[in-house]
There are 2 protein chains.
Amino acid sequence: MRTSIATVSLSGSLTEKLTAASRAGFDGVEIFENDLLASPLTPEEIRARCADLGLTIDLYQPMRDVEAVPDDVFDRNLRRARHKFDLMRRLGADTVLVCSSVAPQAVDDDALAAGQLSRLADAAEEFGVRVAYEALAWGRHVSTYDHAWRIVEAAGHPALGTCLDSFHILSRGSEPKDLEGIADIPGEKIFFLQLADAPLLAMDVLQWSRHYRCFPGQGGFDVSGLVRHVLHTGYSGPLSLEVFNDVFRQSEAAPTAVDAHRSLLVLQETVGLATPPAPVVPTGVAFAELVTPDADPVAALLGALGFARSARHRSKPVDLWQQGEARLLVNTGPAVRRDGTQLAAIGLESPDPAGAARRAEALLAPVLPRRRAAEDAPLDAVAAPDGTELFFCATDRTELPNWRTDFEDVEHTEQAPGVTRIDHLALTQPWHHFDEATLFHRSVLGLDAQDSVDVADPYGLMRSRAVTNADGSVRIALTVGAAPTDDTVHAQHIALATGDVVAAARRFRAAGGLLLPIPANYYDDLAARFELTDSELETYRELGILYDRDAHGEFRHCYTRTVGRVFFELVQRDGYRGYGAQNAPVRLAAQHSVKGLTGG
Amino acid sequence: MRTSIATVSLSGSLTEKLTAASRAGFDGVEIFENDLLASPLTPEEIRARCADLGLTIDLYQPMRDVEAVPDDVFDRNLRRARHKFDLMRRLGADTVLVCSSVAPQAVDDDALAAGQLSRLADAAEEFGVRVAYEALAWGRHVSTYDHAWRIVEAAGHPALGTCLDSFHILSRGSEPKDLEGIADIPGEKIFFLQLADAPLLAMDVLQWSRHYRCFPGQGGFDVSGLVRHVLHTGYSGPLSLEVFNDVFRQSEAAPTAVDAHRSLLVLQETVGLATPPAPVVPTGVAFAELVTPDADPVAALLGALGFARSARHRSKPVDLWQQGEARLLVNTGPAVRRDGTQLAAIGLESPDPAGAARRAEALLAPVLPRRRAAEDAPLDAVAAPDGTELFFCATDRTELPNWRTDFEDVEHTEQAPGVTRIDHLALTQPWHHFDEATLFHRSVLGLDAQDSVDVADPYGLMRSRAVTNADGSVRIALTVGAAPTDDTVHAQHIALATGDVVAAARRFRAAGGLLLPIPANYYDDLAARFELTDSELETYRELGILYDRDAHGEFRHCYTRTVGRVFFELVQRDGYRGYGAQNAPVRLAAQHSVKGLTGG
């Protein structure tokens, strides 16, 4: 099905918006009137620019407060409309959006509305234009799609149809019965379908619509359910995104347009209009890769955590450190980052690495160039929205290329592992791009998103949301910082699973490792909240171990100091399903207070 | 009356919060539990720190989900509470906040609630603590202040009282009848009064409370009306601010604490508890001062606008340019700014400059040091929140020191003025500090705030709000940019009043001035919206004049190119009361497209 996007959904000048929409793969655009007014291009030049970019102009919008008004007011409205129809002729746009009136002088008279819309459609026809009438959720007298359709039906004019907008419909209710009326509309009378999602907020619907819309799949609406209803009518126009969002307004247009188009691809897959390669859900974490300009502090930290340097890449300056099933690559290659040590890549264990890569590519994930020696195993990789490289790989599986064979074992001493595997990875997302990141991980990797939680940091409020596979063997916590520039403390981190966090913490400390000190007040509070034994409390207090409990079990965890932008967590998860969000404010405050004590 | 602030209202570590509160002049604090848990200081050390800073600990908060629960649950709650009472004893805090329960297991049984709160108060008494019970607006069974009071009254325990919170009360309704019940509460049973304002948003009350509270006078609540009711009961505790706000969480604590304390000073003045020096409303704009590292482009621009260099400061490198009653100072002194030309100061014509300065100082405006020669007229100045210097001055009034006498006339040619006066000044505010700036200008200068409007810029949404005196002779438009870092285009500007904008624009252009070009599409839209004559439209199109109309009259305006961070607007205001917000998106887009064409 054809895809389209309203220019108001993207930032920049009109030409920047058109370029971004075209590059992201959209077939057409809705031209938002203010974008045209502010453009130095004439309508004819805009038409030519769109044609050059392979974009059709699917809608000109909006025309407001036209119908159900006294005659003299309607005459003025018609005069104004004729100007716009002439403009549309020059622009080559054949459909105009008319929103239901919010004007105080509008009267509650469907017959009057139908009559005036019919006269408007007469005028439109002279210019080769058709009118799509839409109910705004806050329209003065017409605020539901079925009411708008009754008026269009009563008018019975060939150049008059209706426009359905998922926000205006779903913000008023999404029970199955609320959508049944769509089946009553003949598909050819649905002149246009505008799509937007939104988080489920109990707030004024106008403000909600103007500031908080988002792309389908980023919010809480059942947009695909609505689309199914509309397709059932025989609607054959474009699926078009109309999203008013304060964040998108200030973000670069190009990546926003890609996120937008991805959301429509996923939507089309959901409703059966498209069949991109199926998701290949990862079955584990093969490795996490750190890049560092200075391997020594990293090696010291990993050694203290019980990791052994077990292999070295045949052609690159990359070491493999291993403990149990936890594998960490330490890369000191030429891609040394200014920011110091960081988590640069994740190897996801995949049942079908090539298939996973095909899906990612189909969903517009940036495919990374393969920089490898001829003898290396082929590794497919894409970039996540935060720049982290995601490798789709297989570890020691005979039927698949094995990344592990690119590494040559080095002599090392195996210990009884304290750490058994990587429990989860926490990645800091670019400021204000949280919902896009969630949609990426859900749609591209096939992971499930858990509930989002707010976490109070001393210097601002953070959000955190985990994406996981079904058995919890892949868990990625996406977090977003409180302020645009603050990424020094909200570092990435790697949580390592252990069956005995007390023993692991002691061993780490005995080996010279530094644990994050936790304030004594925290333990007084633990004593108030839980009936822990004195000796248990004393142990936690001594080591800086944090404690939480949910309906499924207990959680004990502690943190290392930060190296560069990375720190480690040791976690003992006895059935517990969360990530210790309750303890995060204390951990964050402690990290602020020791900030800068270690290098890297 | 004593003033207090909850630590959750400020950003940073607990010690940073305490220092900021003390420096801003607060008498006490409410300690938010999480701030204590995250602090490395022991309760005794916190107590000592507060004492050193001259702060009392007026409240420990919050205790949640205590009452109206099954006996075994209450026993556990009591155990937890005893831990906290003991902590409060060490802290030296004698009042604890207990919020009405939101727990699913809480039952709707006032007698049970009263009985359990009474038992809680028994335990509290043993530790010298009293319990202030507050109704959360979203409490499960107790959500109104009068309901909470009925329970406290029924319990009849000397160590149990109520806490009133302006947000929880006013978010549920602020009709006079809603507040009548306050008179039924004996003042000595109101153990605490928490104050917060909030913008009037129709949204989920919990989210509204957690993210959008603000300081009294910054929002839409009648906080002072509520305080009057409470004072009438004989309440003698502190006025305490408890504000949860996403912006304050990430702002520096020190200026936030000053804004907070100013809001309480103004509140106390409003309710008659304090009498700071009365506001002295400015009666005009004496001058606007530009600082520039290079006077030539500024001089060229002012010359083309019809200004003449009419005087020079006796001891400083400052020129006075004048036209009609519009006076501009051009300062090339040592305070050359890295950012190039900018609007650095405003001279406000004041009936009582010294009185205006006394008020500003009493309301915690930063008083600027006087850097002047012995013979200069004394000029009092304070810094506005955006750093603009505000001078309180008198021009050619015999009874007052005259700033004009510091300037020596230079030979110049008077023209028939095209510009008669400064119509308004537009100042870009630091990102996200819009409501504080509005409160500053209202309270310190005695100006009235107009409605706030959203303005769409191609790269984000801006907000704008004017503060004015009664006759419109002082108008300052406060604007805030869309993104934290974007201040290049959203420059300051000086709007100059003229009786004939067409003539003024032509004269400017004939003198070599560059007007901001406006796209042709804008004029096609004007033709559709208004019945202007073809020749009128043609003139506007040729010169780049924008047009608007409101119920009071017409508005015609045009813009110069930007020099440094400043541009000029020529405005012809024929009864119109606004600022052309309708045209602002087109102007902003045009400025983006010519950005960087001129230097400065």
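The values are calculated or read from the model by the stated rules, or taken from the named source; none is laboratory data. A quick note: this is a predicted structure, and the numbers were derived from the prediction, not measured. Cβ: placed from backbone, ideal geometry, glycine included. Neighbour counts: every protein chain shown. Areas reflect the complete protein model, heavy atoms only, side chains present, ligands, DNA and RNA absent. Shrake-Rupley method; radii C 1.70, N 1.55, O 1.52, S 1.80 Å.
Conditions (1) open to solvent by less than 10 Å² (accessible area, probe 1.4 Å); (2) farther than 18 Å from residue B:179 by Cβ; (3) part of a loop (DSSP other than H, G, I, E, B), marked per residue:
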site	(1), (2), (3)
B:117	yes, yes, no
B:122	no, yes, no
B:133	yes, yes, no
B:138	no, yes, yes
B:141	no, yes, yes
B:148	yes, no, no
B:151	yes, yes, no
B:158	no, yes, yes
B:162	yes, no, no
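Right, residue A:87: in a helix (DSSP H, G or I) and either within 13 Å of chain B (Cβ to nearest Cβ) or in contact with a strand residue (DSSP E or B) (Cβ under 9 Å, 6 or more places away or on another chain) (or both) or not?
On the way: in a helix (DSSP H, G or I): yes; either within 13 Å of chain B (Cβ to nearest Cβ) or in contact with a strand residue (DSSP E or B) (Cβ under 9 Å, 6 or more places away or on another chain) (or both): yes.
Considered against the rule, which asks whether it is in a helix (DSSP H, G or I) and either within 13 Å of chain B (Cβ to nearest Cβ) or in contact with a strand residue (DSSP E or B) (Cβ under 9 Å, 6 or more places away or on another chain) (or both), residue A:87 comes out as yes.
Between residues in region A:456-471 that are open to solvent by 20 Å² or more (accessible area, probe 1.4 Å) and residues that are assigned to a strand (DSSP E or B) and of a type in the set (D, E, K, R), which pairs lie under 7 Å by C-beta distance while being six or more apart or on different chains?
Qualifying pairs under 7 Å: A:461/A:454; A:463/A:454.
Taking the stated definitions as given, is residue B:591 in contact (Cβ under 8 Å) with a residue 60 or more places away in the chain, outside any loop (DSSP other than H, G, I, E, B), surrounded by 15 or more Cβ atoms within 10 Å (Cβ to Cβ) and among the polar types (S, T, N, Q)? Don't jump to the end; show me each part of the working.
Values: in contact (Cβ under 8 Å) with a residue 60 or more places away in the chain: yes; outside any loop (DSSP other than H, G, I, E, B): yes; surrounded by 15 or more Cβ atoms within 10 Å (Cβ to Cβ): yes; among the polar types (S, T, N, Q): yes.
Answer is yes for this residue.
Could you figure out which of (1) in contact (Cβ under 8 Å) with a residue 40 or more places away in the chain; (2) in contact with a helix residue (DSSP H, G or I) (Cβ under 9 Å, 6 or more places away or on another chain) isn't true of residue A:269?
Status for residue A:269: all satisfied but (1).
Which one of these does residue B:584 not meet: (1) open to solvent by 50 Å² or more (accessible area, probe 1.4 Å); (2) aliphatic (A, V, I, L, M); (3) touching a residue at least 24 places away in the same chain (Cβ under 8 Å)?
(1)
Given the conditions (1) within 22 Å of residue B:128 (Cα to Cα); (2) assigned to a loop (DSSP other than H, G, I, E, B), and given that residue B:174 satisfies all but one, which numbered condition is not satisfied?
It is condition (1) that residue B:174 fails.
If you check residue B:237 against the conditions, is it away from chain A (no Cβ under 13 Å), modelled with pLDDT under 90 and crowded, with 19+ Cβ neighbours inside 10 Å?
Details: away from chain A (no Cβ under 13 Å): yes; modelled with pLDDT under 90: no; crowded, with 19+ Cβ neighbours inside 10 Å: yes.
No.
For (1) at pLDDT below 95; (2) in contact with a strand residue (DSSP E or B) (Cβ under 7 Å, 6 or more places away or on another chain); (3) over 26 Å from residue B:259 (Cβ atoms), each residue gets a yes or a no:
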{"site": "B:154", "(1), (2), (3)": "no, no, yes"}
{"site": "B:161", "(1), (2), (3)": "no, yes, yes"}
{"site": "B:172", "(1), (2), (3)": "yes, no, yes"}
{"site": "B:178", "(1), (2), (3)": "yes, no, yes"}
{"site": "B:189", "(1), (2), (3)": "no, yes, yes"}
{"site": "B:204", "(1), (2), (3)": "yes, yes, yes"}
{"site": "B:210", "(1), (2), (3)": "yes, no, no"}
{"site": "B:213", "(1), (2), (3)": "yes, yes, no"}
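Yes or no, residue by residue, for (1) under 22 Å from residue A:413 (Cβ atoms); (2) assigned by TED's automatic domain parsing to the domain that holds residue A:354; (3) in a helix (DSSP H, G or I); (4) among the polar types (S, T, N, Q):
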| site | (1), (2), (3), (4) |
| --- | --- |
| A:262 | no, no, yes, no |
| A:287 | yes, yes, no, no |
| A:309 | yes, yes, no, no |
| A:316 | no, yes, no, no |
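Among the listed residues B:182, B:190, which satisfies the condition of being crowded, with 18+ Cβ neighbours inside 10 Å, closer than 22 Å to residue B:264 by Cβ and either in contact with a Gly (Cβ under 9 Å, 6 or more places away or on another chain) or of a type in the set (Gly, Ala, Ser) (or both)? So that I can check it myself, show each step before the final result.
Values: B:182 fails: either in contact with a Gly (Cβ under 9 Å, 6 or more places away or on another chain) or of a type in the set (Gly, Ala, Ser) (or both).
It is B:190.
Would you please name the residue that is farthest from the other protein chains (Cβ to nearest Cβ), looking only at residues in region A:518-569 that are assigned to a loop (DSSP other than H, G, I, E, B), of a type outside the set (Val, Ile, Thr) and open to solvent by less than 20 Å² (accessible area, probe 1.4 Å)? Explain how you work it out, then say what you get.
So in region A:518-569, the residues assigned to a loop (DSSP other than H, G, I, E, B) come out as A:518-519, A:530-533, A:544-545, A:551-552, A:561-562, A:564-565.
Among the residues that remain, those that are also of a type outside the set (Val, Ile, Thr) are: A:519, A:530-532, A:544, A:551-552, A:561, A:564-565.
The next check asks that each one be open to solvent by less than 20 Å² (accessible area, probe 1.4 Å); those that pass are A:519, A:544.
Values: A:519: 5, A:544: 12 Å.
Selected residue: A:544.
For residues in region A:418-451 being among the hydrophobic types (A, V, I, L, M, F, W, C) and part of a strand (DSSP E or B), which is farthest from residue A:276 (Cα to Cα)? Outline the logic, then answer.
First pass over region A:418-451, keeping only residues among the hydrophobic types (A, V, I, L, M, F, W, C): A:419, A:422, A:425-427, A:431, A:434, A:437, A:439-440, A:444-445, A:447, A:449.
Of the ones still in play, those that are also part of a strand (DSSP E or B) are A:419, A:422, A:425-427, A:449.
Working: A:419: 38, A:422: 31, A:425: 28, A:426: 29, A:427: 27, A:449: 21 Å.
Ranking the qualifying residues of region A:418-451, first place goes to A:419.
Has region A:80-92 got at least one residue that is assigned by TED's automatic domain parsing to the domain that holds residue A:240, surrounded by 21 or more Cβ atoms within 10 Å (Cβ to Cβ), under 14 Å from residue A:116 (Cα atoms) and under 38 Å from the mean Cα position of the chain (by Cα)?
No; the residues of region A:80-92 include none that is assigned by TED's automatic domain parsing to the domain that holds residue A:240, surrounded by 21 or more Cβ atoms within 10 Å (Cβ to Cβ), under 14 Å from residue A:116 (Cα atoms) and under 38 Å from the mean Cα position of the chain (by Cα).
Go through (1) open to solvent by less than 60 Å² (accessible area, probe 1.4 Å); (2) at pLDDT below 95 and name the single condition residue A:105 misses.
That leaves (1) as the condition not met.
With the requirement that a residue be within 14 Å of chain A (Cβ to nearest Cβ), small (Gly, Ala, Ser) and open to solvent by less than 30 Å² (accessible area, probe 1.4 Å), what does region B:1-32 give you? Spell out how you get there, then give the answer.
Restricting attention to region B:1-32, the residues satisfying the condition of being within 14 Å of chain A (Cβ to nearest Cβ) are B:6-20, B:31-32.
From what's left, small (Gly, Ala, Ser): B:6, B:9, B:11-13, B:20.
Scanning region B:1-32 gives B:6, B:9, B:11, B:12, B:20.
Go through region A:33-69 and give me each residue that's more than 14 Å from chain B (Cβ to nearest Cβ), in contact with a Leu (Cβ under 8 Å, 6 or more places away or on another chain), part of a loop (DSSP other than H, G, I, E, B) and without any contact (Cβ under 8 Å) to a residue 40 or more places away in the chain.
Passing the criteria: A:53, A:55.
Considering every residue within region B:493-509, establish whether at least one is at pLDDT below 95, among the aliphatic types (A, V, I, L, M) and either touching a His at 6+ places or on another chain (Cβ under 6 Å) or assigned by TED's automatic domain parsing to the domain that holds residue B:455 (or both). If you could, list the steps in order and put the result at the bottom.
Within region B:493-509, the subset at pLDDT below 95 is B:493.
Now narrow it down to the ones that are among the aliphatic types (A, V, I, L, M): none.
So far as region B:493-509 goes, no, none of its residues is at pLDDT below 95, among the aliphatic types (A, V, I, L, M) and either touching a His at 6+ places or on another chain (Cβ under 6 Å) or assigned by TED's automatic domain parsing to the domain that holds residue B:455 (or both).
I'd like to know if region A:386-407 contains one or more residues that are assigned to a loop (DSSP other than H, G, I, E, B), within 19 Å of the chain's Cα centre (by Cα) and among the charged types (D, E, K, R). Quick ask: steps written out before the conclusion?
Taking region A:386-407 as the starting set, the residues that turn out to be assigned to a loop (DSSP other than H, G, I, E, B) are A:386-388, A:394-402.
After this cut, where a residue has to be within 19 Å of the chain's Cα centre (by Cα) as well, the list is A:386-388.
Adding the requirement that they be among the charged types (D, E, K, R) leaves A:386.
Yes, there is a match, as at least one residue in region A:386-407 is assigned to a loop (DSSP other than H, G, I, E, B), within 19 Å of the chain's Cα centre (by Cα) and among the charged types (D, E, K, R).
Determine which single condition residue B:430 fails, assuming it passes every other condition in (1) away from every other protein chain (no Cβ under 14 Å); (2) open to solvent by 10 Å² or more (accessible area, probe 1.4 Å).
(1)
Return yes or no: is residue B:30 over 20 Å from the mean Cα position of the chain (by Cα) and either in a helix (DSSP H, G or I) or over 19 Å from residue B:240 (Cα atoms) (or both)? Break it down into steps so the answer makes sense when it comes.
Values: over 20 Å from the mean Cα position of the chain (by Cα): yes; either in a helix (DSSP H, G or I) or over 19 Å from residue B:240 (Cα atoms) (or both): no.
Against the criterion (over 20 Å from the mean Cα position of the chain (by Cα) and either in a helix (DSSP H, G or I) or over 19 Å from residue B:240 (Cα atoms) (or both)), residue B:30 does not qualify.
Search region B:245-255 for residues being closer than 15 Å to residue B:32 by Cβ and in contact with a strand residue (DSSP E or B) (Cβ under 9 Å, 6 or more places away or on another chain), and hand back the single one that is most open to solvent (accessible area, probe 1.4 Å). Give the derivation first.
Here is the first cut: in region B:245-255, the residues closer than 15 Å to residue B:32 by Cβ are B:245, B:248-249, B:253.
Keeping just the survivors that are in contact with a strand residue (DSSP E or B) (Cβ under 9 Å, 6 or more places away or on another chain) gives B:245, B:248-249.
Working: B:245: 19, B:248: 8, B:249: 43 Å².
Ranking the candidates gives B:249 first.
What is the number of the single condition among (1) under 30 Å from residue B:32 (Cα atoms); (2) open to solvent by 20 Å² or more (accessible area, probe 1.4 Å); (3) modelled with pLDDT of 90 or more that residue A:448 does not meet?
Every condition holds for residue A:448 apart from (1).
Might you let me know whether region A:294-313 holds any residue that is over 32 Å from the mean Cα position of the chain (by Cα) and closer than 22 Å to residue A:353 by Cα? Give the derivation first.
Let us first name the residues in region A:294-313 that are over 32 Å from the mean Cα position of the chain (by Cα), namely A:294-297, A:299-313.
Imposing the further condition that a residue be closer than 22 Å to residue A:353 by Cα reduces the set to A:313.
Within region A:294-313, one or more residues are over 32 Å from the mean Cα position of the chain (by Cα) and closer than 22 Å to residue A:353 by Cα.
Yes or no: residue A:72 more than 32 Å from the chain's Cα centre (by Cα), surrounded by fewer than 21 Cβ atoms within 10 Å (Cβ to Cβ), among the charged types (D, E, K, R) and in a loop (DSSP other than H, G, I, E, B)?
So residue A:72 fails the test.
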